[in-house]
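Visitor: Below you'll find the structure I mean.
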Amino acid sequence: MVSFQPEVLAIIALSINFGAYISQVLRAALLSVDKGQVEAALAVGMSWFAGFWGQ
């Protein structure tokens, strides 16, 4: 059986929790961009990322 230090397990648990939280934040950010904004950016030659970023 593999044993870990409690500190290592705490870091792993917090990393998983933080990763799930951040993924939901990024998901909401991506879904908040209007489809028309992305289409307009692509129409003028901007990349998808530049249209998302608003530059």
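Visitor: Kindly state, to the nearest 0.05, the FRET efficiency for LEU9 paired with PHE49, given R0 = 30 Å and r defined as their beta-carbon distance.
Guide: E(calc), rounded to 0.05, equals 0.25.
Visitor: Right, another one. Could you work out [θ]222 nm for the chain from helices alone, using -39500 (n - 2.57) per DSSP H run of at least four and dividing by all its residues? Round to the nearest 500 deg cm²/dmol.
Guide: Computed ellipticity for the chain at 222 nm equals -24500 deg cm²/dmol.
Visitor: Can you tell me how much longer the chain between ASN17 and LEU31 gets when fully stretched, taken as 0.36 nm per residue apart minus their C-alpha distance, in nm with one decimal?
Guide: 2.9 nm
Visitor: Report which label in [x] 58, 19, 17; [y] 30, 20, 20; [z] 62, 18, 10 holds the value of Cα extents along the principal axes in Å derived from the coordinates of this structure.
Guide: [x]
A short reminder: the numbers here are calculations on the coordinates, not readings from a lab. Because the structure is a prediction, the values reported are computed rather than measured. In this analysis, Cβ positions are derived from the backbone assuming ideal geometry, glycine residues included, and neighbour counts consider all displayed protein chains.
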